[in-house]
Ligand SMILES: C[S@@+](CC[C@H](N)C(=O)[O-])C[C@H]1O[C@@H](n2cnc3c(N)ncnc32)[C@H](O)[C@@H]1O
């Protein structure tokens, strides 16, 4: 099992995953991409929206305003833990959203049943992202809007003197994560292959320039550093000394006020042709 979001409900403790998602939702780059997506979706009252891999439901809740009481929003996620939080959060807003368990690779909705379908940083955790995207297109009516926001972990830059440790970590993480690692940079062509028209794409980077390694286990929203290194070592993908050099160089940079880490996310938007 990879530490992360591919099997949230089987993790011994899902709290760090929830905290990580909440930290990510505060990134300026995420705000920027979500605002761009919302303009591109151009939802109207009465429309039906699906959020695939909706997590804690914050975007589904926000977009429910755009479709109004005559419209409907469905959030699908593979984790009951995430869905429970999403349901709790939507209740006080007075928005009725159908948050339900499901797999992005086999959506339980009819062909052409949605006016819009979005997914954010979820397909990178799905074993077959191409199939997930095909499912999103299938459930869209012709002309319906598709929107996908994804990270490309190939864009991870870490400016520390020990570049060898960074390279070794990134190579090992790419093997561990498989095709989800670089989905962000591939999603535009996957959408073209899936028959999405009128495609537009934008990118936004998140930059970590500050972190207190004595009080925070990892820079906010970044993957959990030590558990990830431990997992790479256990799987024989990274040597223990190299893993230690990697975490130590990040902590050292942060303590010297020299932290500079960045990763880029991409948002792709278009509509179902035909
Ligand atoms: C990084 S979180 C992103 C959540 C949310 N979209 C956001 O942007 O805050 C990834 C989500 O994808 C869900 N997920 C992972 N595999 C899935 C699958 N096969 N089908 C549906 N959801 C899945 C996880 O449970 C998790 O809630």
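The values are calculated or read from the model by the stated rules, or taken from the named source; none is laboratory data. Everything numeric in this text was worked out from a predicted model, so none of it was measured. Please note: Cβ atoms are built from the backbone with ideal geometry, for glycine as well, and neighbour counts cover all protein chains shown.
Descriptive notes on the structure:
- Taken together, the criteria place residue 130 among residues that are in contact with a helix residue (DSSP H, G or I) (Cβ under 7 Å, 6 or more places away or on another chain), more than 8 Å from the ligand (Cβ to nearest atom) and over 21 Å from residue 56 (Cβ atoms).
- Matching residues, segment 66-124, being in a helix (DSSP H, G or I), more than 10 Å from the ligand (Cβ to nearest atom) and crowded, with 17+ Cβ neighbours inside 10 Å: 66, 67, 89, 90
- Yes/no for residue 156 being within 14 Å of the ligand (Cβ to nearest atom) and either touching a strand residue (DSSP E or B) at 6+ places or on another chain (Cβ under 6 Å) or not in a strand (DSSP E or B) (or both): no
- Selection within segment 30-40 - within 18 Å of the chain's Cα centre (by Cα) and surrounded by 19 or more Cβ atoms within 10 Å (Cβ to Cβ): 30, 33, 34, 37
- Selection status of residue 60, surrounded by fewer than 21 Cβ atoms within 10 Å (Cβ to Cβ), modelled with pLDDT of 95 or more and under 30 Å from residue 208 (Cα atoms): no
- Of all residues making up segment 223-255, the number that are modelled with pLDDT under 95 and more than 20 Å from residue 6 (Cβ to Cβ): 0
- Output for segment 45-65, where each listed residue is in contact (Cβ under 8 Å) with a residue 40 or more places away in the chain and within 9 Å of the ligand (Cβ to nearest atom): 51, 52, 53, 54, 55, 57, 59
- Residue count for segment 7-22 under the criterion of being modelled with pLDDT under 90, closer than 18 Å to residue 229 by Cα and within 11 Å of the ligand (Cβ to nearest atom): the result is 1.
- From the options 78, 25, residue that is under 20 Å from residue 108 (Cα atoms) and at pLDDT 95 or above: 78
- Some residue of segment 168-176 being touching a residue at least 40 places away in the same chain (Cβ under 8 Å) and in a loop (DSSP other than H, G, I, E, B): no
- Candidates 56, 33: the one that is under 23 Å from residue 222 (Cα atoms) and assigned to a helix (DSSP H, G or I) is 33.
For every residue, the table says whether it meets (1) touching a strand residue (DSSP E or B) at 6+ places or on another chain (Cβ under 6 Å); (2) buried (at least 18 other Cβ atoms within 10 Å of the Cβ).
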{"residue": "218", "(1), (2)": "no, yes"}
{"residue": "224", "(1), (2)": "no, no"}
{"residue": "229", "(1), (2)": "no, yes"}
{"residue": "235", "(1), (2)": "no, no"}
{"residue": "241", "(1), (2)": "no, no"}
{"residue": "249", "(1), (2)": "no, yes"}
{"residue": "252", "(1), (2)": "no, no"}
{"residue": "257", "(1), (2)": "no, no"}
{"residue": "261", "(1), (2)": "yes, yes"}
